[in-house]
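Engineer: Dropping the structure in here first, questions after.
The values are calculated or read from the model by the stated rules, or taken from the named source; none is laboratory data. Predicted, not measured: the structure shown is a model, and the values here were computed from it. Positions of Cβ are backbone-derived with ideal geometry, glycine not excepted, and every protein chain shown enters the neighbour counts. Surface accessibility is based on the protein's heavy atoms, side chains included, excluding ligands, DNA and RNA. Shrake-Rupley method; radii C 1.70, N 1.55, O 1.52, S 1.80 Å.
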Amino acid sequence: MKAFRKANACKQAPYIVALFLAVAPAWAVQPDEMLADPVLEARARTISHDIRCPVCQGETIDDSNAPIARDLRIIIRERLVAGDSDAAVVDYIVARYGEGVLFNPPATGVNLVLWLAGPALLLAGIAVAVAAGRRRAAPEVVLTAEEEARVSDILKE
């Protein structure tokens, strides 16, 4: 009987693994939030993919289960149903919550400093590394004939 159970368990293992692999990730967007019009829903998903959850910071509002993320998803869909363009919806959210909700804030004004700080610090780091490497370079040593003879004797041993 034990051998029969063991054999059946081995036969079922691939099915169990396939079942776990087939499970899709659970998205935070609830069915009651989705729009009936697939075009508007696709636009809403595109917009919400670029909006950061104010609570979770590292997640889009589509991936977050936070109540504010749900509110933002609903606002986006309401604005789209009202006839706003994608840019108008994003502008509305930025006006209400600030540029911190954008995953890719525009490179203008104060944000320009943030966009340029990374490359500037990288270049500064490379310059410091090159300067330090040049400073550490060993000076060229010229040996006298006597020293060269001594080195030759040592290497022959």
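Engineer: Looking only at residues that are in contact with a helix residue (DSSP H, G or I) (Cβ under 7 Å, 6 or more places away or on another chain) and not in a helix (DSSP H, G or I) in segment 35-55, which one is farthest from residue 68 (Cα to Cα)?
Structural biologist: 35
Engineer: While we're looking at this one, here's another question. Just checking, how many residues over segment 91-126 are open to solvent by less than 60 Å² (accessible area, probe 1.4 Å), at pLDDT 85 or above and part of a helix (DSSP H, G or I)?
Structural biologist: 8
Engineer: Inspect all residues belonging to segment 34-49 and state whether any of them is touching a Leu at 6+ places or on another chain (Cβ under 8 Å), hydroxyl-bearing (Ser, Thr, Tyr), surrounded by 14 or more Cβ atoms within 10 Å (Cβ to Cβ) and modelled with pLDDT of 85 or more.
Structural biologist: The answer is yes; a qualifying residue exists.
Engineer: Please go through segment 101-120 and pick out each residue that is within 15 Å of residue 47 (Cα to Cα) and touching a helix residue (DSSP H, G or I) at 6+ places or on another chain (Cβ under 7 Å).
Structural biologist: Within segment 101-120, 101, 102, 105 meet the criteria.
Engineer: Six or more apart or on different chains, Cβ under 9 Å: which pairs go from a residue in segment 123-151 that's free of Cβ contacts under 8 Å to residues at least 60 places away in the same chain to one that's not in a helix (DSSP H, G or I)? Could you list them?
Structural biologist: Note: pairs meeting the criteria are 150/143; 151/143.
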